[in-house]
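Below is one structure, written out as structure tokens; the observations come after it.
The values are calculated or read from the model by the stated rules, or taken from the named source; none is laboratory data. These numbers were taken from a predicted model, which means no experiment stands behind them. For neighbour counting, all protein chains shown are included, and Cβ atoms are generated from backbone atoms with ideal geometry for every residue, glycine included.
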């Protein structure tokens, strides 16, 4: 493991390629091709696996976008070294937009109710234990101005165009500053962040509600967008630590990504661990206390079969264990321990997405299908992550590993606990 206590040196911040991205591209393309075959064999299951993988990776990217904007809006000095890695990660947004297209096209051409039942007003609710059709359901009628195919496509365009625009603004200003050193680029990023934070908050909430919450369109929750944000930040922070440690070991950030940087990332991860627990518990407690059938059914559905054990696992593995882990100072400064907890958080965050996306009633009604990890879940996730890794490496190899002419780069390089 790399020595994070190495004395920082700005002379080591020249462009450092981290290898050819073709390996990641090949792995991603093969996995996506296999998943494409799965659409032919089992379209309903593979569509759910695809939504799970696409939503999970998009959440990580959104979390990284928020991290960049928070860096600029607070004019943070310590995180300047980390910011360039995040900017390269933002290169994935155009590809993530493409990954949602198969679900849209299949819902339009193949079967409207392939993923979202409300896309087909003629869908017979009796097949999942209800009565009548979606179009006759009063709860759908009230939500139909939002839950319809044209609006779904418009929201898809709005959210991804917003994220791509924000990402390109930050990346262009940051990369340009490497060339001319103008402080005007810093002000451009700060102004963009001021407008971008509310824009990203609104679009992320829209995306979470339309892509995930509307899978059970009867359900009501006013906290769902905040749940999505808290999970996205936790996963993004964990991924950031892993990527930076890899770059430090590989050489691109050797002597630049320090123990003090990792400590601060660990502190923020502790804060968002508590925040996720607060949001998740508040949502559950308010729904339990109100005891309204249109809200409680969502949790009742997840108390059947082995889904209840998934819920228990989220309580103890996604909150209690990371919470107590991050209370230890040494746990946040030793690379091996941070690698362990970051992988742990990424896996349990993926489990949280399983818990929110996959429980659905069997044909004919009754209890939901049991929790399980399918082959298609793995291929979809590996395929999308592979393409995202390719986009990151391709972007990283074109510029310096840190914003070498940022006004606060020396402060970040000399940051200490």
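Exactly one residue out of 252, 277, 317 is out of contact with any strand residue (DSSP E or B) (no Cβ under 9 Å at 6 or more places or on another chain) and without any contact (Cβ under 8 Å) to a residue 40 or more places away in the chain: that is 317. Taking the criterion of being over 30 Å from residue 79 (Cα atoms), in contact with a helix residue (DSSP H, G or I) (Cβ under 8 Å, 6 or more places away or on another chain) and surrounded by 13 or more Cβ atoms within 10 Å (Cβ to Cβ), the residues of the stretch 254-293 that qualify are 283, 284, 287. Across the stretch 346-369, not a single residue is classified as more than 22 Å from residue 59 (Cα to Cα) and at pLDDT 95 or above.
For residue 204, the test of being farther than 19 Å from residue 99 by Cβ and modelled with pLDDT of 95 or more is failed. Among the candidates 55, 48, the residue that is crowded, with 20+ Cβ neighbours inside 10 Å and modelled with pLDDT under 95 is uniquely 48. Looking across 236, 201, one residue alone is touching a residue at least 40 places away in the same chain (Cβ under 8 Å), touching a helix residue (DSSP H, G or I) at 6+ places or on another chain (Cβ under 9 Å), in a helix (DSSP H, G or I) and within 20 Å of residue 86 (Cβ to Cβ). It is 236. With respect to the numbered conditions (1) closer than 26 Å to residue 356 by Cβ; (2) surrounded by fewer than 21 Cβ atoms within 10 Å (Cβ to Cβ); (3) touching a helix residue (DSSP H, G or I) at 6+ places or on another chain (Cβ under 6 Å), which one is the sole condition not fulfilled by residue 373? The number of the failed condition is (3). Beta carbons closer than 6 Å, at least 6 apart along the sequence or on distinct chains, never pair a first residue in the stretch 261-274 that is on the phi > 0 side of the Ramachandran plot and touching a residue at least 40 places away in the same chain (Cβ under 8 Å) with a second that is surrounded by fewer than 22 Cβ atoms within 10 Å (Cβ to Cβ) and assigned to a helix (DSSP H, G or I).
Within the set 91, 97, the sole residue that is in contact (Cβ under 8 Å) with a residue 40 or more places away in the chain, in a helix (DSSP H, G or I) and closer than 15 Å to residue 239 by Cβ turns out to be 91. Mind checking which residues of the stretch 72-87 are touching a residue at least 60 places away in the same chain (Cβ under 8 Å) and either out of contact with any helix residue (DSSP H, G or I) (no Cβ under 8 Å at 6 or more places or on another chain) or not in a loop (DSSP other than H, G, I, E, B) (or both)? Answer for the stretch 72-87, where residues must be touching a residue at least 60 places away in the same chain (Cβ under 8 Å) and either out of contact with any helix residue (DSSP H, G or I) (no Cβ under 8 Å at 6 or more places or on another chain) or not in a loop (DSSP other than H, G, I, E, B) (or both): 72, 73, 80, 81, 82, 83, 84, 85, 86, 87. Every listed requirement among (1) closer than 14 Å to residue 227 by Cβ; (2) under 25 Å from the mean Cα position of the chain (by Cα); (3) touching a residue at least 24 places away in the same chain (Cβ under 8 Å) is met by residue 327 save one, (1). Residues that are in contact with a helix residue (DSSP H, G or I) (Cβ under 6 Å, 6 or more places away or on another chain) and surrounded by fewer than 18 Cβ atoms within 10 Å (Cβ to Cβ) within the stretch 311-329 comprise 317, 323, listed in sequence order.
For the stretch 115-131, a tally of residues being closer than 21 Å to residue 292 by Cβ, surrounded by 13 or more Cβ atoms within 10 Å (Cβ to Cβ) and without any contact (Cβ under 8 Å) to a residue 40 or more places away in the chain returns 1.
Could you check the stretch 147-187 and list, in sequence order, the residues that are exposed (fewer than 13 other Cβ atoms within 10 Å of the Cβ), under 21 Å from the mean Cα position of the chain (by Cα) and in contact (Cβ under 8 Å) with a residue 12 or more places away in the chain? Across the stretch 147-187, there are no qualifying residues.
When the stretch 11-32 is limited to residues that are farther than 25 Å from residue 385 by Cβ and surrounded by 14 or more Cβ atoms within 10 Å (Cβ to Cβ), the one that is modelled with the highest pLDDT turns out to be 13.
Scan the stretch 296-314 residue by residue and report those that are outside any loop (DSSP other than H, G, I, E, B) and either free of Cβ contacts under 8 Å to residues at least 12 places away in the same chain or more than 15 Å from residue 356 (Cβ to Cβ) (or both). Answer for the stretch 296-314, where residues must be outside any loop (DSSP other than H, G, I, E, B) and either free of Cβ contacts under 8 Å to residues at least 12 places away in the same chain or more than 15 Å from residue 356 (Cβ to Cβ) (or both): 296, 300, 308, 309, 312. Can you confirm whether residue 332 is touching a helix residue (DSSP H, G or I) at 6+ places or on another chain (Cβ under 7 Å), surrounded by 13 or more Cβ atoms within 10 Å (Cβ to Cβ) and modelled with pLDDT under 95? No, not satisfied.
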